[in-house]
Amino acid sequence: MTAVVVIAEVSGDDFDPITAELVSAALKGGAEEVHVVAWGLSESQAVGYEGVKSILLADGVPNSVEQVKELVHQVVTRTGATCVVASFNWRNTEFAAATAATHGMSIVTDCLSLEIQPSGWRVSRPAYSGKVEVDLHVDGGLVALLRDRVWPAARRDTVPVVKMPTLTSVSAVTQVGSTEAPRSGVDLHSAGIIFAVGRGLGAEGVPEFVELTDRLGVSLGASRPVVDAGWLPHAHQIGQSGTSVAPRLYVAFGISGAMQHLVGVRKAQQIIAVNTDPRAPIFSIADVAVVADGTEVVKALLELLPRS
Amino acid sequence: MKILVALKHVGAVSGVLEVDVDHIDPAFLEFAMSDADGYAVEAALLMRDRAEAAEVVAVTCGGEPATAVVRDAISMGVDRGFRMSAEDMGFDPIAVGRVLCEAVTTESPDLVLMGVQSSDLGQQSVGPATAALLGWPCVVGATIVQVDGRTLTAHRDLEGGAQEIVSCELPAVVTVQTGSQQPRYGSFKDKMAAKKAEIPSHSTEIASRVKVVAMRPALSTGNAEFISGDPRSIAEKLLAMVRAEQ
C-alpha cells in the first residue's frame with residue numbers, strides 16, 4: 001500500500017487552489033492512499049477531494065518550522081507514507097529538507113512530474129538554471145515539492161477529518177526583533193501592470209527604465225540581482241524572497257528567469273519577456289517572447305512617449 | 001569560534017547546449033562558486049574581521065575539479081580548506097548534508113555557513129537538511145550574521161523590504177542570502193598564493209540515492225508567441241499591448 005501525504009496550502013477559510021493540484025499529482029503518481037495534512041481550517045471548512053482517504057487536521061496552527069516538522073512526523077508515522085508532497089515555495093523548503101533528512105527520505109524541489117517506481121520514485125525537475133530538464137530516480141522515500149500549474153486540479157469531495165495531537169516542540173530559533181518595510185509607496189500586490197527590470201539592462205539602464213514606467217503609468221518591479229546591486233530598493237523586488245505578484249500584465253526586461261523569480265510571477269495573467277538570449281528560462285512561462293536588446297526597446301518606447 | 005563554510009562548485013550552461021542522454025559535456029559548462037556561497041564566505045570573513053570568529057575553514061563536496069571553489073575562498077581570505085571526495089551527489093541534498101556532517105565531526109566548528117541555494121538547482125535544501133541531521137538550530141536566508149559569545153543573531157528579508165531579526169545559540173547552521181554585503185575579491189597575489197595552497201581531501205562512504213536517468217534541453221520557448229523586428233516596431237507593439245490593458 002503506497003501512502004502519500006499531501007501538505008495542504010490554505011488561503012482564508014478554504015484550501016488554496018494549489019492543494020487540488022498537489023492531490024491530483026499524488027493520485028496520478030500512483031498513490032493508493034492519499035492523506036491531506038492541513039492547519040488553519042475548522043473541521044467544517046476542511047472539505048476534501050475525490051480520491052483522498054482522510055484530512056489530518058492539526059490541533060492549532062504550527063508556530064515554527066519545528067512544529068511543522070513535528071506534525072509531518074506525526075502523519076508520516078501514522079500513515080506509513082513513503083512520499084510527502086507539498087508546494088514549492090520559500091516557506092516549505094526548510095521543513096521539507098529537514099523532514100526528509102530526519103526520516104531517511106530524499107528531497108527533490110520544483111518537480112514537474114512524479115511517478116511511483118518499484119524501488120522508489122521517478123521525478124523530473126529543471127537543472128542548470130532552467131536550461132535543462134532532468135529525470136531523476138529516487139531510491140526509497142521522497143519529499144517532493146511540486147511546481148504549481150503543472151497538474152490538473154482534483155475535484156472536491158467530502159472526506160473524513162481526523163484531528164491530530166497537540167504540537168509541543170519548541171523552536172531553537174526565536175524572533176527577537178523586526179524592522180518595518182520602508183515606506184516606499186510601492187504596492188506590487190495589487191498592481192495591474194508591472195514592468196520589471198533585470199540585470200540584463202545594466203546599472204546604466206535602470207534610470208531610463210524608471211522613467212519609462214513613470215511615463216507609462218505602470219508599476220516598477222525588479223529581479224533580486226538588481227536589488228542586491230543596490231540599483232533599486234528592496235520594495236521593488238519580485239520573486240520568492242521578494243513580493244509575489246498577480247498583475248493583468250507583467251513585462252520583464254533583461255530578466256533571464258531564475259526559478260526564484262519565476263515562482264513570484266506565475267500568477268500574472270499575461271507575461272511578456274524581452275531578452276537577448278533566446279534560451280532564457282523566462283520565455284518558458286511567457287505568453288509573448290521578444291528576443292531583442294531590452295535597452296534599445298526601452299529607448300524606442302521612450303521616443304514613443306514624449307515627456308508630457 | 002570556528003566557522004565552517006560549505007561551498008558548491010556549480011556548472012552553468014554557456015550559449016550552445018548539447019545534452020548527451022544523461023549528462024552535459026563539460027565543454028559546454030562554465031564552473032564557478034555558487035553565487036550565494038560567495039556571500040556566505042563574506043559573512044564568515046566579516047565575523048572574523050570583527051573578532052567574532054577566530055578561524056574560517058572552507059569545505060566542498062565533489063571531485064578534484066571542485067577544489068577550485070576552495071581555492072577561490074582561500075584567495076578571498078579563509079584560513080584553509082579541504083574537500084570531501086564525493087561523486088555524483090549534485091541532485092541529492094540529503095547525501096550532501098550527510099557528507100557535511102562528517103566534515104563537522106572532523107572539524108568541530110561552532111557555526112556552519114553556506115549559500116541559501118545553489119545557482120544551478122536552487123533546491124535550498126542542504127542547509128536545513130544538515131541542521132536536522134546534526135540536531136542544530138537552522139536559520140535560512142540570512143543577510144547579516146553576528147555572534148556575541150554563544151549567541152547568534154541573524155537578519156532575514158521578509159516580503160516588501162521588511163526584515164526580521166532572529167536569534168539562537170551556537171552551534172548552528174545558517175544559510176546566507178545574496179544581499180548588500182558584496183563578496184570581496186582576492187588580489188592577484190592572493191590568487192597566486194591560493195593556487196599553491198594545499199587542499200586535503202577526505203573520502204566518504206556516503207552515496208547518492210538520487211540518480212539522473214535522462215536529461216534534455218528544456219522547452220524554454222514554452223507556448224510563447226515570438227515577436228521580432230527593429231526596436232521601434234517592437235516598442236509600438238508593446239505599447240499597444242500595454243494600452244489595451246490600461
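The values are calculated or read from the model by the stated rules, or taken from the named source; none is laboratory data. Everything numeric in this text was worked out from a predicted model, so none of it was measured. Here Cβ is always computed from backbone atoms with ideal geometry, including for glycine, and neighbour counts include all displayed protein chains. The accessibility values were calculated without ligands, DNA or RNA, using every heavy atom of the protein model including side chains. Shrake-Rupley method; radii C 1.70, N 1.55, O 1.52, S 1.80 Å.
Under 5 Å between amide hydrogens, built in the peptide plane, is the criterion, and for B:A58 it picks out B:V5, B:R80, B:G81, B:F82 among residues at least 5 positions away or on other chains.
In this structure, the amide hydrogen of A:G140, modeled 1.01 Å from its nitrogen in the peptide plane, lies closer than 5 angstrom to those of A:G120, A:W121, counting only residues at least 5 positions away or on a different chain. Of all lysines in the structure, those lying under 20 Å Cα to Cα from B:K195, and not within fewer than 8 positions of it along the same chain, are B:K8.
Amide H contacts of A:V132 (H built 1.01 Å from N, in plane; Pro and chain starts excluded): A:A127, B:A218 sit under 5 Å, all sequence-distant by 5 or more or on other chains. Across peptide A:248-258, the mean count of Cβ atoms from other chains lying within 10 Å of each residue's own Cβ comes to 2. Only Lys, Arg, Asp and Glu carry charge here, each on its Cβ (+1 for the first two, -1 for the last two); on that basis the range A:211-294 has a dipole of about 300 debye about its Cα centre.
How large is the helix-only mean residue ellipticity at 222 nm for chain B, computed as the sum of -39500 (n - 2.57) over DSSP H runs with n ≥ 4, divided by its residue count, in deg cm²/dmol to the nearest 500?
Helices in chain B give a 222 nm mean residue ellipticity of -9000 deg cm²/dmol.
Straight-line cross-link partners of B:K191 among the aspartates and glutamates, defined as a Cα under 13 Å from its Cα and at least 8 positions apart when in the same chain: B:D72.
Each Lys or Arg adds one and each Asp or Glu takes one away; over the other residues whose Cβ falls under 9 Å from the Cβ of A:Q45, this sums to -3.
Each of A:P233, A:H189, A:G205 was scored by the projection of its Cα onto the charge dipole of chain A, and the greatest displacement toward the positive side belongs to A:G205; charges sit on the C-beta of Lys, Arg, Asp and Glu.
In a reduced charge model with +1 at each Lys and Arg Cβ and -1 at each Asp and Glu Cβ, the range B:153-246 shows a dipole moment near 540 debye about its Cα centre. Sorting A:2-12, B:31-41, B:205-215 by average packing, meaning the other beta carbons within 10 Å per residue, from highest down gives B:31-41, A:2-12, B:205-215.
Using helices alone, what [θ] at 222 nm do you get for chain A, with -39,500 (n - 2.57) per DSSP H run of 4 or more residues, divided over all residues and rounded to the nearest 500?
Details: 7 runs with 79 residues, N = 308.
Value at 222 nm, helices only: -8000 deg cm²/dmol.
Charging the Cβ of each Asp and Glu at -1 and of each Lys and Arg at +1, and nothing else, the dipole of chain A about its Cα centre rounds to 120 debye.
When the range B:185-246 is described by a simple charge dipole with +1 on each Lys and Arg Cβ and -1 on each Asp and Glu Cβ, the residue from B:S208, B:S187, B:F226 located farthest towards its positive end is B:S187. Interface between chains B and A: roughly 6700 Å² of accessible area buried, both sides summed (probe 1.4 Å, protein heavy atoms only).
Accessible area per residue for the range B:39-126, computed on protein heavy atoms with a 1.4 Å probe, is 29 Å².
Taking Rh as the Kirkwood radius computed over C-alpha pairs, what is the Stokes-Einstein D of chain B at 20 °C in a medium of viscosity 1.002 mPa s, expressed in µm² per second?
Numbers: Rh = 19.7 Å.
D, rounded to a whole number, is 109 µm²/s.
Accessible area per residue for the range A:204-257 is 30 Å², calculated with a 1.4 Å probe on protein heavy atoms, without ligands, DNA or RNA. For the range A:217-234, backbone phi angles converted through the Karplus equation (6.51, -1.76, 1.60; θ = phi - 60°) give residue-by-residue couplings of x, 10, 7, 9, x, 8, 7, 4, x, 5, 6, 4, 6, x, 6, 9, x, 4 Hz, Gly and Pro being listed as x. Simple rule: put +1 on each Lys or Arg Cβ and -1 on each Asp or Glu Cβ in the range B:1-128, find the dipole, and look at B:G127, B:L45, B:H9; the Cα lying farthest toward the positive end is B:L45.
Among the trypsin sites (Lys or Arg not before Pro) in the range A:224-308, those placed in a DSSP loop whose Cβ has at most 11 other Cβ atoms within 10 Å are A:R307.
Where the accessible area of the protein assembly as shown is counted over protein heavy atoms with a 1.4 Å probe, how much of it, in %, is carbon and sulfur? Walk me through the numbers on the way to the answer.
Numbers: 11050 of 22080 Å².
It is 50 percent, rounded to a whole number.
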